[in-house]
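The values are calculated or read from the model by the stated rules, or taken from the named source; none is laboratory data. Quick caveat: nothing in here was measured; it's all calculated off a predicted structure. Glycine gets a Cβ as well: all are built from the backbone with ideal geometry, and neighbour counts include every protein chain shown.
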Amino acid sequence: MSYAIIGFGNIGQALAKSFARNGIEVSVATTRVPQSFASVAAAIGPQIIPTKLADAVKADIIFLAVRFESHPEVAKVLPTWKGKTIIDVTNAYGVSPEELGGEPSSRVVAQAFTGGRLVKGFNHLGAAVLGQDPAVQGGRRVVFLASDDDGAAAEIGALAENLGFSPIKLGGLSEGGLLVQARGNSWGQLIFKDLVKFD
């Protein structure tokens with residue numbers, strides 16, 4: 001299984017730290033040339049591989065960690081996303097519900113990535129918290145996942161566990177997705193809730 005993070009701002013770097021902490025290789029890409037962020041990647045760890053966007057999208061599992069407004073640009077890189085699982089880490093804060101056609105923001109993203117399997121996740125934590133070790137006082141930091149594809153949700157749940165998190169599945173995009181999304185100037189009830197699960 002191969003992994004990529006598209007977007008290498010604060011959230012992309014926080015996700016990269018999770019991979020580096022667990023010794024898992026991940027490609028990172030932006031619309032810029034890889035050399036422009038190679039030193040930042042190297043500082044996180046040798047598992048973080050700066051890559052061109054056209055190469056990063058070859059991965060099996062792709063974290064979409066760009067601004068919500070940038071997702072259509074990324075979606076155009078491939079004619080079809082069949083066989084790929086996309087984790088929507090975006091938040092549509094400031095984007096009106098009308099612009100989204102009244103849909104959850106993650107469903108709008110899913111429609112752009114034709115043929116791909118979409119999971120909303122890892123977006124409810126701020127970058128500073130997301131980048132920390134998820135092992136907290138004997139428990140594990142929670143990440144919420146929502147998807148209309150149960151198989152994709154299970155796959156990303158397993159990855160979240162490998163990265164040290166405790167995944168909680170919230171159901172489909174229309175139910176669970178609304179709990180963890182920003183849309184317009186409102187926040188879902190679970191945004192920024194830093195929860196730790198104890199087994």
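When the range 167-188 is filtered for residues that are polar (S, T, N, Q) and either modelled with pLDDT of 80 or more or under 17 Å from A14 (Cα atoms) (or both), only S174 remains.
The residue that is surrounded by the most Cβ atoms within 10 Å (Cβ to Cβ), counting only those in the range 153-171 that are part of a loop (DSSP other than H, G, I, E, B) and out of contact with any Pro (no Cβ under 9 Å at 6 or more places or on another chain), is L170. Looking at E98, E69, E73, just one residue is without any contact (Cβ under 8 Å) to a residue 12 or more places away in the chain and of a type in the set (D, E), and that residue is E98. Take the residues of the range 118-152 that are of a type in the set (S, T, N, Q) and surrounded by 19 or more Cβ atoms within 10 Å (Cβ to Cβ): which is nearest to K197 (Cα to Cα)? Filtering first and then ranking leaves N123.
For the condition modelled with pLDDT of 95 or more, among the small types (G, A, S), at positive phi and in contact with a Phe, Trp or Tyr (Cβ under 6 Å, 6 or more places away or on another chain), what is the one hit in G164, G115? Exactly one of G164, G115 is modelled with pLDDT of 95 or more, among the small types (G, A, S), at positive phi and in contact with a Phe, Trp or Tyr (Cβ under 6 Å, 6 or more places away or on another chain), namely G115. For the range 84-117, a residue qualifies if it is surrounded by fewer than 16 Cβ atoms within 10 Å (Cβ to Cβ) and in a helix (DSSP H, G or I), and exactly one does: Q111. Of all residues in the range 72-83, those satisfying the criterion of being surrounded by 14 or more Cβ atoms within 10 Å (Cβ to Cβ) and under 18 Å from the mean Cα position of the chain (by Cα) are V74, A75, V77, W81. Pairing residues of the range 16-27 that are without any contact (Cβ under 8 Å) to a residue 40 or more places away in the chain with residues that are surrounded by fewer than 24 Cβ atoms within 10 Å (Cβ to Cβ) and among the acidic types (D, E), at Cβ distances under 8 Å and at least 6 apart in sequence or on separate chains, gives S27/D55. Among the residues of the range 124-147, what is the count of those that are closer than 22 Å to L178 by Cα and either free of Cβ contacts under 8 Å to residues at least 60 places away in the same chain or charged (D, E, K, R) (or both)? Residues flagged as closer than 22 Å to L178 by Cα and either free of Cβ contacts under 8 Å to residues at least 60 places away in the same chain or charged (D, E, K, R) (or both) within the range 124-147 amount to 7.
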